[in-house]
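The values are calculated or read from the model by the stated rules, or taken from the named source; none is laboratory data. This is a predicted model, so every value here is computed, not measured. Neighbour counts run over all protein chains shown; Cβ positions are idealised from the backbone, glycine included.
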Amino acid sequence: MQSILSRFLMMLTLLVSSGGLVFSQEEQPKDAYQAAWDDVSEVLRRREYGSAIAKLDALAEERDLRDYGKQIEADKKAIGGLQVLERIVLEQAAKLEIGSTIEISGIEYTVAGYQKSSRGDSLILKSKSLGRETQKLIVDLPSSNWVKLAEADLKSLDNSAFVLGIFLAFDRIADRKAARKLLNEAASHGADVTPWLARLDAVEAVKNAAVSMKKGKAYSGPQILDHSASYT
């Protein structure tokens, strides 16, 4: 009997050491909402906030995501803040005085007008160096211009650091260092930033992995930080 038990324990040890009883990261079940969130995040990147909320509404109806109802509602509220941000940016852009100067991607322009169209609101600009007139959709302006335009009416944002942090973290023209600082500030004002910091960590981990692969270096996997205790 003891001999049989010894053989069993030996086989068990071999299986464990060889990885036979250990699931790889790819084999482990993924967070159902995280998989769905990746799709929502792509819509945020394109600044299509209404579509992002519509996607979250659809996710809330899915049976597999019933346990995530509270998080979905929190995400909808947060993205609603991004909709307010967009409204502020459009309003402030429309208020720019003719002849005033605006810098976009390092190039200085003189504001020549504001135009509404089916494609979206846009600024009519004249290059200060070349004197050429151009037109730029507000929705396509760099994130730094959005933040600067919004500064004139931050009081309209509920916890502006939280909204701007989310915007800069997941925008197509992201500034994740500034985003992290703003989210930490928002946390000091009572905002629950834990899910957003975790998502920011995940995005940065993917970026670091891509950089490591490009350089031909081994990548040890995402290093997700624990934000449950401190935001500083």
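Listing for the model above:
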| item | result |
| --- | --- |
| Helices (runs of 4 or more DSSP H) lying entirely in the range 67-186 (those with 1 or more residues that are under 22 Å from Gln34 (Cα atoms) and not polar (S, T, N, Q)) | 69-94, 160-170 |
| Selection count where residues are in contact (Cβ under 8 Å) with a residue 60 or more places away in the chain and surrounded by fewer than 17 Cβ atoms within 10 Å (Cβ to Cβ), scope the range 116-153 | 2 |
| Single match in Glu48, Glu27, Glu86, Glu97 (criterion: loosely packed, with under 10 Cβ neighbours inside 10 Å, acidic (Asp, Glu) and modelled with pLDDT of 95 or more) | Glu97 |
| Hits in the range 155-171 (condition: surrounded by 15 or more Cβ atoms within 10 Å (Cβ to Cβ) and not polar (S, T, N, Q)) | Leu157, Ala161, Phe162, Val163, Leu164, Gly165, Ile166, Phe167, Leu168, Ala169, Phe170, Asp171 |
| Residue ID - farthest from Pro142 (Cα to Cα), chosen from residues in the range 30-40 that are surrounded by fewer than 16 Cβ atoms within 10 Å (Cβ to Cβ) and either of a type in the set (Asp, Glu) or modelled with pLDDT of 90 or more (or both) | Asp31 |
| Test: residue in the range 172-180 that is buried (at least 20 other Cβ atoms within 10 Å of the Cβ) and either modelled with pLDDT of 95 or more or over 22 Å from Val40 (Cα atoms) (or both) | yes |
| The range 47-76 - residue that is out of contact with any Asp or Glu (no Cβ under 9 Å at 6 or more places or on another chain) and basic (Lys, Arg) and, of those, nearest to Trp146 (Cα to Cα) | Lys70 |
| In the range 181-190, the residues that are surrounded by 15 or more Cβ atoms within 10 Å (Cβ to Cβ) and either modelled with pLDDT under 95 or under 19 Å from Arg45 (Cα atoms) (or both) | Leu182, Leu183 |
| The range 59-74, residues that are surrounded by 13 or more Cβ atoms within 10 Å (Cβ to Cβ) and either among the β-branched types (Val, Ile, Thr) or without any contact (Cβ under 8 Å) to a residue 40 or more places away in the chain (or both) | Leu59, Ala60, Glu62, Leu65, Tyr68, Ile72 |
| Counted residues, the range 108-137 - those being at pLDDT 95 or above, more than 23 Å from Arg87 (Cβ to Cβ) and hydrophobic (A, V, I, L, M, F, W, C) | 1 |
| Failed condition for Ala210, given (1) modelled with pLDDT of 90 or more; (2) among the small types (Gly, Ala, Ser); (3) part of a helix (DSSP H, G or I) | (1) |
